[in-house]
1. Any chance you could give the angle, 0 to 90 degrees and rounded to 10, that helix 112-123 forms with the longest Cα principal axis of the chain?
2. Where q = 0.13, 0.16, 0.20 Å⁻¹, what log10 of I(q)/I(0) comes from the Debye formula for segment 92-147, counting one point per Cα?
3. Taking springs between alpha-carbon atoms closer than 10 angstrom, which of LEU33, LEU123, LEU78 fluctuates most in the Gaussian network model of the chain?
4. Take the Cα coordinates of the chain, assign each an equal point scatterer, and use the Debye formula without solvent to give log10 I(q)/I(0) at q = 0.08 Å⁻¹.
5. Rounded to the nearest 0.05, what FRET efficiency is calculated for GLU97 and ASP32 with R0 set to 41 Å and r the Cβ-Cβ distance?
6. About the Cα centre of the chain, what is the dipole size in debye to 20, counting +1 per Lys and Arg Cβ and -1 per Asp and Glu Cβ, all else neutral?
Amino acid sequence: MKSDKSQLCATLAQEDGALHESRHFANELASDLKTAATVFSNIRKMRKCGTVKVEKVRQIPVVEAGIQFYDTVEGCVLSHYKDIKDIAIKEYNKLPETIKYGLSTAPKSGEFADRVILWKEILRPVLTDKQYHRAMKAIISWYIHIIKLN
């Protein structure tokens, strides 16, 4: 009987704590609603007087990820070769930001040979002979396409 009574007291204490928390929440909510109504009322009065102009504002999140593999001509070309792409991305991510920035634009006249040499140095050590030849053929073919467009 004694344990039932202590259990009942513990349950009542828990319920009283929960009731106190819910009252506190209700009081805070009521206070927040009253503040919001006051602010809203003040804004309407100020707008009528012409001292405030209300405009819709939308926040657009911006994510800066830096220059990525797919920001390069070569990254887009190599993305079609599943067995090469992941290795090329891994090696590309090791490059300094200055080189990544330089690769982020299409090569211009006179830059093609340097880009071929750079990608040769990046890919040769990490790809098999077959992968390397496919990758370089794809890159050079795309460079030829770019040259023909100009």
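1. Long axis of 112-123 versus the principal axis of the chain: about 70 degrees.
2. The Cα Debye sum returns log10 ratios of -0.33, -0.51, -0.78.
3. LEU33
4. So the normalised log intensities work out to -0.58.
5. Computed FRET efficiency for GLU97 and ASP32 comes out at 0.35.
6. Dipole size: approximately 680 debye.
Rule-based calculations on the coordinates, nothing more; no lab input. Because the structure is a prediction, the values reported are computed rather than measured. Using ideal geometry, Cβ is built from the backbone for each residue, glycine included, and neighbour counts are taken over all protein chains shown.
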